[in-house]
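Participant: This is the structure, below, for whatever I ask next.
The values are calculated or read from the model by the stated rules, or taken from the named source; none is laboratory data. Just so you know, these numbers come straight off a predicted model, no measurement behind them. Backbone-built Cβ (ideal geometry, glycine too); neighbour counts: all protein chains shown.
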Amino acid sequence: MTPGVLIRASVIALALLSAGGLTASADDGRPPAPSGTGHPPTSSSIPLTELRPSEIRSAPTPTIAPALTPIAEPLRAPARKRELVLFVGGYGSKADDGAFDELKTRFPSDRYEIRRLGDDPQFPYDTYGGVDANARVLTDQIRNISADYSGVDIVSHSMGGVVVDRAIAGGLSSDDGVVTYVAIASPHSGADFARAPAFVLPIISPVKEIVRAGGVAVARDPQSTAINDLATARPIPPPRGIVRVDASLATDGFVNEFDARDPGVPQRLFLPASPRELIDGHGGSLVNREIGDLVVETIRTHEVPPDRRDPITQLVAPILWNEETRLWRRVLLITTLAAVCLYAARFLPFCRGPIDRINAWCGRFVRALGR
């Protein structure tokens, strides 16, 4: 084959290739290639597009995904602090005497922690000691532990209420976490059963050990620093920010209606509901169901509950308490007169010796009991 033939064949082939490229360009919608160039053949149709070449963007370069951060555990709400219910016992009581056991069962352990003043050796409660000294112990204990609780609820009985009164008068307040204060059978205005011995015993000193022994055998020692303080106790103004309420049984002659006066504080007086409450209205106040309900509702709601006493209770209870007060004041008067007569009998020549020997024996008896 001559060179001319080869050149001609090459030109024809190039022309045919150019014609095929134009046909393909017309079919796929792409702009015609410049002269002398062409698109490579394709076996499948290319979808039409309205984008111009300058608007066609290349796919972004793939990047390596960052390492996954482990998902943290869901946040849990902090455990809710319990409230502290702090019981303050009365004159001559002990932290383990079980006096508040009936009330303790009324508070669920998941919401409340129960403590009693005197159960911690770091904060000793001498119920025969000075009221002001015990008030400082109470204040120190509450300020030491109140941060561990959502609030502090104080429930007192008898002289315990005077201790709390003195603590509040000395600065204990809602700023220390105290929320409620319920006083049961408390002599806020002093006690007749403290005033009589505080005045008489120093006068009848030669026979006072006989009187003390009789008091210890029947109830409590009638001579102590606490008795002297109870004889002159006075109520305090209701503290701001602390919910206050008092409760008593109408058969309580030991802390009578005049002793329990607490101006400005709501007072609820209830009737006895059992033989024990009828005979011993003072100690029975700690087991009375209605008083227990009042204590629990006050602490639970942090408010003074509505007066739910029935009309008979509201009518009869004050009358009964007035009669009970008169009865026990007569008992106190007779006891005081008996002590004075014993002292006078000692001046009789044939009575002095026997009375002195009995007084000495009673002194040993009282000291043996730790008094």
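Participant: Within segment 317-371, can you find the residues that are outside any helix (DSSP H, G or I) and either among the polar types (S, T, N, Q) or surrounded by fewer than 13 Cβ atoms within 10 Å (Cβ to Cβ) (or both)?
Facilitator: PHE347, LEU348, LEU369, GLY370
Participant: Another question, then. Go over the candidates PHE87, PHE107 one by one and state the one that is among the aromatic types (Phe, Trp, Tyr), out of contact with any Asp or Glu (no Cβ under 8 Å at 6 or more places or on another chain), modelled with pLDDT of 95 or more and not in a loop (DSSP other than H, G, I, E, B).
Facilitator: PHE87
Participant: Out of (1) buried (at least 17 other Cβ atoms within 10 Å of the Cβ); (2) assigned to a helix (DSSP H, G or I), the odd one out for VAL287 is which?
Facilitator: Exception for VAL287: condition (2).
Participant: With PRO197, PRO222 as the choices, which residue is crowded, with 24+ Cβ neighbours inside 10 Å and within 16 Å of VAL340 (Cβ to Cβ)?
Facilitator: None of the others qualify; the one that does is PRO197.
Participant: Do any residues in segment 175-202 that are of a type in the set (Asp, Glu) have Cβ atoms under 6 Å from those of residues that are surrounded by 21 or more Cβ atoms within 10 Å (Cβ to Cβ), where the two are at least six apart or on different chains, and which pairs are they?
Facilitator: These pairs meet every condition: ASP176/ILE142.
Rundown of residues vs (1) among the charged types (D, E, K, R); (2) touching a Gly at 6+ places or on another chain (Cβ under 8 Å); (3) over 19 Å from GLY363 (Cβ atoms), yes/no style:
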site	(1), (2), (3)
ASP221	yes, yes, no
ILE227	no, no, no
GLY253	no, yes, yes
ARG276	yes, yes, yes
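Participant: State all residues of segment 139-167 that are out of contact with any strand residue (DSSP E or B) (no Cβ under 7 Å at 6 or more places or on another chain), in a helix (DSSP H, G or I) and either buried (at least 24 other Cβ atoms within 10 Å of the Cβ) or of a type in the set (D, E, K, R) (or both); if no residue qualifies, say none.
Facilitator: Once the filter is applied, which keeps residues that are out of contact with any strand residue (DSSP E or B) (no Cβ under 7 Å at 6 or more places or on another chain), in a helix (DSSP H, G or I) and either buried (at least 24 other Cβ atoms within 10 Å of the Cβ) or of a type in the set (D, E, K, R) (or both), segment 139-167 yields ASP140, ARG143, ASP148, MET159, VAL162, ASP165, ARG166, ALA167.
Participant: Go over the candidates ALA273, ALA260 one by one and state the one that is under 30 Å from the mean Cα position of the chain (by Cα), closer than 15 Å to THR325 by Cβ and aliphatic (A, V, I, L, M).
Facilitator: ALA260
Participant: State the number of residues belonging to segment 127-158 that are within 22 Å of ASP221 (Cα to Cα) and in contact with a helix residue (DSSP H, G or I) (Cβ under 6 Å, 6 or more places away or on another chain).
Facilitator: Qualifying residue count, segment 127-158: 8.
Participant: Condition first: under 14 Å from ASP262 (Cα atoms) and assigned to a loop (DSSP other than H, G, I, E, B). Now tell me which residues in segment 168-191 satisfy that.
Facilitator: Across segment 168-191, the qualifying residues are ALA185, SER186, PRO187, HIS188, SER189, GLY190, ALA191.
Participant: A follow-up question, please. Between residues in segment 113-139 that are small (Gly, Ala, Ser) and residues that are in a helix (DSSP H, G or I), which pairs lie under 7 Å by C-beta distance while being six or more apart or on different chains?
Facilitator: Cβ pairs passing all conditions: GLY129/THR225; GLY129/ALA226; GLY130/THR225; GLY130/ALA226; GLY130/ASP229; ALA135/VAL163; ALA135/ARG166; ALA135/ALA167.
Participant: So if I check each of ARG276, ARG308, ARG330, ARG261, which one is free of Cβ contacts under 8 Å to residues at least 24 places away in the same chain, under 24 Å from PRO197 (Cβ atoms) and not hydrophobic (A, V, I, L, M, F, W, C)?
Facilitator: ARG330
Participant: Within 16 Å of ILE236 (Cα to Cα) and not aliphatic (A, V, I, L, M): does that describe SER150?
Facilitator: Here the answer is no, as SER150 does not meet what is asked.
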